[in-house]
Amino acid sequence: MKTLAAILVLFSILTGSLFAKAPITVAAKSDVMKKEIPALVILPDDYEKSGKSYPVIYLLHGFGGNYQTWYHIKPNLPELATSNQVIFVLPDGATSWYWDSPVNQNLKYETYVAKELVDFIDSSYRTIKSPKGRAIAGLSMGGHGAMWLALRHKDVFGAAGAISGGVDIRPFPKNWDMAKNLGEYSSNKDVWDAHTVINQVDGLKNGELAIYIDCGFSDFFYQVNLNLHNKLLQMKIDHDYLARPGAHNNAYWNNAIDYNILFFKKFFSKN
């Protein structure tokens, strides 16, 4: 009988992923954009019975992706939600770069993610309703978005992570629909200057935001990430910076998110 019990315990460990809570698709209403926008919510498997409140990590996709992108890149997010005791929220950001566009009044994803979606999640689930219990990360366009939103809404997010992030958009004026949302760079340089992450750190005080930056050496965003790292060093802003072999692809992001989650877990534990 003891042998059978041991086998059952081993089986439950080896097949734990089979019993992880499946992601929940929700439709969060955006009043500012007058539509419902899908998102994935991933809860720890003990959510119902624990009765406790959980920190939340928002994961933003890149250009050409959607709210399911991170789950496709990292299918074991449900297991990570349980082992790290966090809730993951995967919003849809279209091709917005997570701005409230000064050009397109129907594109207001800054307000949607930082205000409307956070309010929806906090009212729907047991969350820690404080910047000490909220973090936001993303890849590529989403890396820009995570830093953009956290820097501009420090009363909402306490920690931010950029993975392969487009943290300075100005070297890429013809790419990724940015001109559609900001106007052409040549005639709107002041707008582009105001909507790029590296300029948003001006005035940031040390300790106001926990920052994690991660980019591969072969990534076309490597130089702008290095520039942001160096600027933060000059400003004496504490942050974690990781640069290692890798390119702008799913394999890199699948690996990088583990480091980012660990960074956030330490932030939550400290707070």
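Bear in mind that the values in this text are calculations on the coordinates, not laboratory data. Keep in mind that what you see is a predicted model, and the values were worked out from it rather than measured. Reconstructed Cβ throughout: ideal geometry from the backbone, glycine too, with neighbour counts over all protein chains shown.
Side notes on the structure shown:
- Here is the list for segment 35-99: trypsin sites (Lys or Arg not before Pro) lying in DSSP coil, each with at most 12 other C-beta atoms within 10 angstrom of its C-beta, are Lys52.
- Counting only Cα atoms, segment 13-154 measures 52, 28, 26 Å along its principal axes, largest extent leading.
- Bridgeable lysines around Lys132 (alpha carbons under 17 Å apart, same-chain partners fewer than 8 residues away excluded): Lys52, Lys115, Lys154, Lys205, Lys265, Lys266, Lys270.
- Top positive-direction residue, dipole computed over the chain with Cβ charges, set Ala256, Cys215, Gln68: Ala256
- Think of each Lys and Arg Cβ as +1 and each Asp and Glu Cβ as -1; about the Cα centre, that makes the dipole of the chain roughly 500 debye.
- Exposure proxy for Met33, Met141: other Cβ atoms within 10 Å of each Cβ, ordered fewest to most, give Met33, Met141.
- Euclidean distance between Cα centres, segment 35-111 to segment 238-271, Å: 17 Å
- With Cα atoms as the point set, segment 72-183 shows a radius of gyration and Dmax of 14.6, 44 Å.
- Only DSSP H runs of four or more residues enter the estimate; each adds -39500 (n - 2.57), and after division by the residues of the chain the mean residue ellipticity at 222 nm equals -10000 deg cm²/dmol.
- Cα convex hull volume per residue for the chain (Å³): 131 Å³
- Listed by Cβ neighbour count within 10 Å, with the fewest neighbours leading, Lys205, Lys115 appear as Lys205, Lys115.
- Nitroxide proxy distance, nm - points 7 Å out along Cα→Cβ at Asp193 and Ala27: 4.4 nm
- Proximity of backbone amide H atoms, modeled 1.01 Å from N, is registered between Gly246 and Phe217, Ser218 at under 5 Å, excluding neighbours fewer than 5 places apart on the same chain.
- For segment 115-242, Kirkwood radius (reciprocal of mean inverse C-alpha pair distance, Å): 15.2 Å
- The P(r) of segment 206-271 has a tail past 16 Å containing 50 percent of all C-alpha pairs.
- Sorting Val56, Val41 from the fewest to the most surrounding beta carbons within 10 angstrom yields Val41, Val56.
- Annotation: aspartates and glutamates with alpha-carbon distance below 20 angstrom to Lys34 (same-chain offsets under eight excluded): Asp92, Asp100, Glu110, Glu116, Asp119.
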